[in-house]
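The values are calculated or read from the model by the stated rules, or taken from the named source; none is laboratory data. As the structure is a prediction and not an experimental result, all values here were calculated from the model. Reconstructed Cβ throughout: ideal geometry from the backbone, glycine too, with neighbour counts over all protein chains shown. The area values use the complete protein model at the heavy-atom level, side chains included, leaving out ligands, DNA and RNA. Shrake-Rupley method; radii C 1.70, N 1.55, O 1.52, S 1.80 Å.
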Amino acid sequence: MIVEEIMIKQVTTLTADHTIADAMKLLEDKKIRHLPIVDRENHIVGLVTDRDIRDAAPSIFRSDLHREDLENPIRNLMKTNLITCHPLDFVEEIAALFYEHHIGCLPVVNHGKLVGIITETDLLHTLVALTGAHQPGSQIEIKVPNKSGMLNEAAAIISRRKANISSVLVYPDPRDDSFKILVFRVQTMNPAGIIEDLKNSGFNILWPNLPGGSS
């Protein structure tokens, strides 16, 4: 999956000459948290977040003091050292940027111009969709040796039960890198038969740990 498939294309923006008060009102009216700042050619020049605005706004206990500060141009507040991405970047690579840099959004830029924005909420929705967690079904977690062919073997056993596999995740065992964890999302509400077949084939079932059996 690439960024342009999940990015927000209709991006709300301001220019650097708009005031902090303008940004505050726009964030509130649009119910958004990130506001790219662009020039007249739609090149991104900065970014303002709702947290930036809260930090700059007068205290509610002294709302009549320093109100003139809100009339300062947004260029005085915006961040300019930005991390951006391209519409054809892979979503998993972008997710790594969010994780490494602790950011809440990434402007999407093509030929220097802003064409979209992707937020941590967009990534979360994408993860839910990719894993099939929003659909009825069951999750099965299996611990297997970290060698080739294990995924195919487990998937073949599941397919013999005519269960449709919605998604598969594979990640290293955090306690032993000689093993990996396979996470299957299958479209059945009763995976007992699948689990029994997997156990009979020697697979170590981590979840669900059904009564009457051990993994």
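For the peptides 3-16, 114-127, the ranking by mean Cβ contacts within 10 Å, running from highest to lowest, is 114-127, 3-16. With the simple model of a label 7 Å out from the Cα in the direction of the Cβ, MET1 to ALA155 spans 1.8 nm. Once the Cα atoms are used to define both axes, helix 91-101 deviates from the longest principal axis of the chain by about 60 degrees.
If you plug the beta carbon distance of GLU141 and LEU88 into 1/(1 + (r/R0)^6) with R0 = 35 Å, you get a FRET efficiency near 0.60.
Computed over the chain, the P(r) curve from all C-alpha pair distances, binned at 5 Å from the origin, holds 1, 6, 12, 13, 12, 10, 8, 8, 8, 7, 6, 5, 3, 1, 0 percent per bin. Applying the Karplus relation 6.51 cos²θ - 1.76 cosθ + 1.60 with θ = phi - 60° to the range 21-35 yields 3J(HN,Hα) values of 4, 4, 5, 4, 5, 5, 4, 6, 5, 8, 6, 10, 10, 10, 10 Hz, where x marks Gly and Pro. For the chain, the relative contact order works out to 18 percent when only alpha carbon pairs closer than 8 Å and six or more residues apart are counted. Per residue, the chain exposes 61 Å² of accessible surface when a 1.4 Å probe is rolled over the protein heavy atoms with every protein chain present.
Using a probe radius of 1.4 angstrom, the carbon and sulfur fraction of the accessible surface of the range 153-215 is 50%. For the range 152-165, putting each phi into the Karplus relation 6.51 cos²θ - 1.76 cosθ + 1.60 with θ = phi - 60° gives couplings of 4, 4, 5, 5, 5, 5, 5, 5, 5, 8, 6, 8, 7, 8 Hz, in residue order, rounded to whole numbers and with x for Gly and Pro.
Here the convex hull built on the C-alpha positions of the range 1-127 has a volume of 106 cubic angstrom per residue.
With the helix formula -39500 (n - 2.57) applied to DSSP H stretches of n ≥ 4, the chain reaches a computed 222 nm mean residue ellipticity of -8500 deg cm²/dmol. Annotation: ILE94 carries an accessible surface of approximately 0 Å², with a 1.4 Å probe and no ligand, DNA or RNA atoms counted. Label sites at VAL45 and LEU169, each approximated as a point 7 angstrom past Cα along Cα to Cβ, lie 4.2 nm apart. Ignoring ligands and nucleic acids, what accessible area does HIS43 show with a 1.4 Å probe (Å², nearest 10)? Surface accessible to solvent at HIS43 totals approximately 60 Å². Within the accessible area of the range 67-123, the carbon and sulfur atoms contribute 51%, probe 1.4 Å, all protein chains present.
Computed 3J(HN,Hα) for the range 138-148, one whole-Hz value per residue from the Karplus formula 6.51 cos²θ - 1.76 cosθ + 1.60 where θ = phi - 60°, is 10, 10, 10, 10, 10, 9, 9, x, 7, 9, 5, glycine and proline marked x.
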